[in-house]
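Peer 1: After the structure tokens below, expect a handful of questions from me.
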Amino acid sequence: MTKFVAITMLSMLAFSSNAHDKSHMNDEKQITHIIHQIKYGWENGDGKPFRKHFLDFKGARYFESGGQNVGLTDLVEHHVEPEKDALVFLNLDFSNIQIHIEDEFAWALADTAVKGEVRKSGKTFDKTGFQTFLFKKVDGDWKVLHTHSSSRNRK
Amino acid sequence: MGHALQTGDKELARAQLASDVMIYEGGRVERSADEYAHHHMLSDMKYLAAMKSETLEHQVTILGNTAISASRSHTKGTYKGKERNYQGMETMVLEKQNGKWKIKHIHWSH
């Protein structure tokens, strides 16, 4: 009887640990997918991934170098979407993505490489830098709370 | 942390950091508290001692054993003969370790 109880308990522990690992992997997959969607959004001047994956709340701030967007609408309407016409092209790469998950909060760090051409001036830019993403789980889905990017001319 | 850097308190600054803190600053990355303490912390302290910095906005959110801080500041002064006057942004992630908050990540930019 004792052996049976011990085996049952060990099995439940293994199942629970396995389930936790799978849940953690799913969280990482979801967050990675969101980051790729953000890349798509920036490259195509498309606000839809931002409206889908960002938590729209009063007090939201998105930092880029020495500036910020105040709120999700400001980010989409005054930054993401206008770049579609302002730039001939924009290539944005996130690499070396590191994801940290703590219950209902997650943060991700990435190396960035961004290249583009300004339509009006014809100037091109080629920069490398870093990005910080902060996430919160809301009703089972990860949502972006805050982003912070910075870069400098490629050396 | 800001106070420790501005006043040149190396011990206090180091004590705020988790040992595996990741710091993004000026296009560079430091991947541990020791790396930051041995490389750029001293130059950051010298720089900030010469500057006047005013916090414009600061938001802190606590989610369980994690906290996030996002702030914007205005910094001005003269350093090595150059006048500086700019808006700076700071994002931090903190984690409660053994009852004490430790900084796990800092992203500074301007």
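Peer 1: Does the stretch A:107-134 hold any residues that are part of a strand (DSSP E or B), farther than 18 Å from B:Ile106 by Cα and more than 10 Å from chain B (Cβ to nearest Cβ), and which are they?
Peer 2: A:Ala113, A:Val114, A:Lys115, A:Gly116, A:Glu117, A:Val118, A:Thr124, A:Phe125, A:Asp126
Peer 1: With the checklist (1) touching a helix residue (DSSP H, G or I) at 6+ places or on another chain (Cβ under 7 Å); (2) in a helix (DSSP H, G or I); (3) not hydroxyl-bearing (Ser, Thr, Tyr) in hand, flag the one item B:Val21 doesn't pass.
Peer 2: Only one criterion in (1) touching a helix residue (DSSP H, G or I) at 6+ places or on another chain (Cβ under 7 Å); (2) in a helix (DSSP H, G or I); (3) not hydroxyl-bearing (Ser, Thr, Tyr) is unmet by B:Val21, namely (2).
Peer 1: Which pairs turn up if I take residues in the stretch B:17-37 that are within 11 Å of another protein chain (Cβ to nearest Cβ) and more than 13 Å from A:Leu109 (Cα to Cα) and look for partners that are at pLDDT 95 or above and crowded, with 21+ Cβ neighbours inside 10 Å with beta carbon separation below 6 Å, at least 6 apart in sequence or on another chain?
Peer 2: B:Gly27/A:Gly129
Peer 1: Restricting to the stretch A:70-87, name every residue that is more than 14 Å from chain B (Cβ to nearest Cβ) and of a type in the set (Gly, Ala, Ser).
Peer 2: Within the stretch A:70-87, A:Ala86 is the sole residue that qualifies.
Peer 1: For the stretch B:92-110: of the residues being of a type in the set (S, T, N, Q) and in a strand (DSSP E or B), which is farthest from B:Asp20 (Cα to Cα)?
Peer 2: Residue satisfying both the conditions and the ranking: B:Ser109.
Peer 1: When the stretch A:12-69 is examined, which residues are found to be free of Cβ contacts under 8 Å to residues at least 12 places away in the same chain, within 14 Å of chain B (Cβ to nearest Cβ) and either in contact with a Ser or Thr (Cβ under 7 Å, 6 or more places away or on another chain) or part of a helix (DSSP H, G or I) (or both)?
Peer 2: A:Gly66
Peer 1: Check B:Thr91 against each of (1) over 24 Å from A:Lys155 (Cα atoms); (2) more than 8 Å from chain A (Cβ to nearest Cβ); (3) crowded, with 18+ Cβ neighbours inside 10 Å; (4) at pLDDT 95 or above and name the one condition it does not meet.
Peer 2: So B:Thr91 meets the others, but not (2).
Peer 1: Now for a separate question. Please give the number of the condition B:Met89 fails out of (1) under 28 Å from A:Phe135 (Cα atoms); (2) not in a strand (DSSP E or B).
Peer 2: Of the numbered conditions (1) under 28 Å from A:Phe135 (Cα atoms); (2) not in a strand (DSSP E or B), the odd one out for B:Met89 is (2).
Peer 1: Could you list, in sequence order, all residues of the stretch B:99-110 that are more than 7 Å from chain A (Cβ to nearest Cβ) and closer than 22 Å to B:Arg31 by Cβ?
Peer 2: B:Lys100, B:Trp101, B:Lys102, B:Ile103, B:Lys104, B:Ile106, B:Trp108, listed by residue number.
Peer 1: The conditions are (1) among the acidic types (Asp, Glu); (2) crowded, with 18+ Cβ neighbours inside 10 Å; (3) within 18 Å of A:Glu102 (Cα to Cα), and A:Asp27 fails exactly one of them. Which is it?
Peer 2: (2)
Peer 1: Oh, and also: Just a yes or no: is a residue in the stretch A:135-150 assigned to a strand (DSSP E or B), within 12 Å of chain B (Cβ to nearest Cβ), touching a Gly at 6+ places or on another chain (Cβ under 7 Å) and surrounded by 13 or more Cβ atoms within 10 Å (Cβ to Cβ)?
Peer 2: Yes: the stretch A:135-150 contains one or more residues that are assigned to a strand (DSSP E or B), within 12 Å of chain B (Cβ to nearest Cβ), touching a Gly at 6+ places or on another chain (Cβ under 7 Å) and surrounded by 13 or more Cβ atoms within 10 Å (Cβ to Cβ).
Peer 1: Among the residues of the stretch A:82-119, which ones are over 21 Å from B:Gly27 (Cα atoms) and within 18 Å of the chain's Cα centre (by Cα)?
Peer 2: Passing the criteria: A:His100, A:Ile101, A:Glu102, A:Asp103, A:Glu104, A:Phe105, A:Ala106.
Peer 1: Considering only the stretch B:38-83, state which residues are out of contact with any Ser or Thr (no Cβ under 9 Å at 6 or more places or on another chain), part of a strand (DSSP E or B) and not β-branched (Val, Ile, Thr).
Peer 2: B:Leu63, B:Tyr79, B:Lys82, B:Glu83
Peer 1: Could you check A:Ile101 against (1) within 14 Å of chain B (Cβ to nearest Cβ); (2) out of contact with any Ser or Thr (no Cβ under 8 Å at 6 or more places or on another chain); (3) within 23 Å of B:Ser109 (Cβ to Cβ); (4) surrounded by 14 or more Cβ atoms within 10 Å (Cβ to Cβ) and say which number it fails?
Peer 2: All conditions pass for A:Ile101, except number (3).
The values are calculated or read from the model by the stated rules, or taken from the named source; none is laboratory data. Source: prediction; values computed, not measured. In this analysis, Cβ positions are derived from the backbone assuming ideal geometry, glycine residues included, and neighbour counts consider all displayed protein chains.
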